[in-house]
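The values are calculated or read from the model by the stated rules, or taken from the named source; none is laboratory data. Because the structure is a prediction, the values reported are computed rather than measured. Neighbour counts run over all protein chains shown; Cβ positions are idealised from the backbone, glycine included.
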Amino acid sequence: MHCQHVAEAARRIAEAHPEIDAQVAYVLGLLHDIGYRGGFKVPPVRHLLDGYYFLRDEGFDGAARVCLTHSFPAPIRSVDAFASAWDCAPEERRLVQDFLDGSEYTAYDRLIQLCDCLGEATGFCLIEKRLVDVALRHGFNAWTLEKWRAFLGLKREFDEAIGTSIYRLLPGVVENTFGFPPSE
Ligand SMILES: [Fe+2]
């Protein structure tokens, strides 16, 4: 359900954006966490790599890259920004860093980074709520504040691009963020 809300947020923002295809954005939102398809992993860094390998091997390089980039919001490009432990081989950590170093983020990378912070399992939410929730579940490190600033910077970037607040495009965001019962 998190992925479905990320995808729907991406679709809605893309529809209001002059340069982003809404259908592509929707599919990338659905696929960004496909590395969890075998089940949730703690620590979760494997889902980045597993999703990337899976989609790359299927021939979907454009979607595969989002599996790697979605956890490193522009302008952050360091694997150290991932707060949880890197429970993978050192070569895999190097693979992610090399990928981040070697590619410019696209508008789709940036949109999915943003929307990953807008979708809870229960609906759309305030970015700050999602950031705190992730920190409570997975911890934080010396990069966390910079990462939070990056997500908030993406929000401003997309607000400007669409000419209004992205929250205006997300029905139920207030109710879900604050946990209002459905009848209120
Ligand atoms: Fe993810």
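So that you can scan it fast, the table gives a plain yes or no per residue for (1) modelled with pLDDT under 95; (2) at negative phi; (3) among the aliphatic types (A, V, I, L, M):
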site	(1), (2), (3)
Leu136	yes, yes, yes
Leu152	no, yes, yes
Glu160	no, yes, no
Tyr167	no, yes, no
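Matching residues to (1) more than 16 Å from the ligand (Cβ to nearest atom); (2) under 19 Å from Tyr167 (Cα atoms); (3) part of a helix (DSSP H, G or I):
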{"residue": "Arg77", "(1), (2), (3)": "yes, no, no"}
{"residue": "Asp80", "(1), (2), (3)": "yes, no, yes"}
{"residue": "Trp86", "(1), (2), (3)": "no, no, no"}
{"residue": "Glu104", "(1), (2), (3)": "yes, no, no"}
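Going through (1) over 21 Å from Ala9 (Cβ atoms); (2) part of a helix (DSSP H, G or I); (3) more than 11 Å from the ligand (Cβ to nearest atom); (4) free of Cβ contacts under 8 Å to residues at least 40 places away in the same chain one by one, Val27 falls short only on (1).
Check whether at least one residue in the range 36-43 is assigned to a loop (DSSP other than H, G, I, E, B) and in contact with a Leu (Cβ under 8 Å, 6 or more places away or on another chain), and report yes or no.
Scanning the range 36-43 turns up no residue that is assigned to a loop (DSSP other than H, G, I, E, B) and in contact with a Leu (Cβ under 8 Å, 6 or more places away or on another chain).
Of all residues in the range 35-61, those being crowded, with 18+ Cβ neighbours inside 10 Å and over 17 Å from the mean Cα position of the chain (by Cα) number 1. Among the residues of the range 1-24 satisfying the criterion of being among the acidic types (Asp, Glu) and part of a loop (DSSP other than H, G, I, E, B), which is farthest from Leu118 (Cα to Cα)? Of everything passing the filter in the range 1-24, Glu19 is farthest from Leu118 (Cα to Cα).
Quickly run through the range 44-58 and pick out the residues that are outside any helix (DSSP H, G or I) and either within 13 Å of the ligand (Cβ to nearest atom) or under 19 Å from Met1 (Cβ atoms) (or both). Break it down stepwise before answering.
Narrowing the range 44-58 to residues outside any helix (DSSP H, G or I): 44-45, 58.
Selection gives Pro44, Val45.
Here Ala135 fulfils each of the conditions (1) out of contact with any helix residue (DSSP H, G or I) (no Cβ under 8 Å at 6 or more places or on another chain); (2) outside any loop (DSSP other than H, G, I, E, B) apart from (1). Out of all the residues in the range 2-14, is one or more within 11 Å of the ligand (Cβ to nearest atom) and in contact with a His (Cβ under 6 Å, 6 or more places away or on another chain)? There is no residue in the range 2-14 that is within 11 Å of the ligand (Cβ to nearest atom) and in contact with a His (Cβ under 6 Å, 6 or more places away or on another chain). Applying the criterion of being closer than 18 Å to Leu95 by Cβ and not aliphatic (A, V, I, L, M) to the residues of the range 33-43, the residue that is nearest to the ligand (Cβ to nearest atom) is Gly35. Close contacts from the range 80-96, counting a first residue that is of a type in the set (Phe, Trp, Tyr) and a second that is in a loop (DSSP other than H, G, I, E, B), with Cβ to Cβ under 7 Å and a gap of 6+ residues or different chains, come to Phe82/Val45; Phe82/Ser71; Trp86/Val45. The numbered conditions (1) at pLDDT 95 or above; (2) not in a loop (DSSP other than H, G, I, E, B) are all true for Pro171 except (2). Filter the range 105-126 for residues that are surrounded by 15 or more Cβ atoms within 10 Å (Cβ to Cβ), in contact with a helix residue (DSSP H, G or I) (Cβ under 6 Å, 6 or more places away or on another chain) and over 16 Å from Leu68 (Cα atoms) and give the result. The answer is Leu118, Gly119, Gly123, Phe124, Cys125, Leu126.
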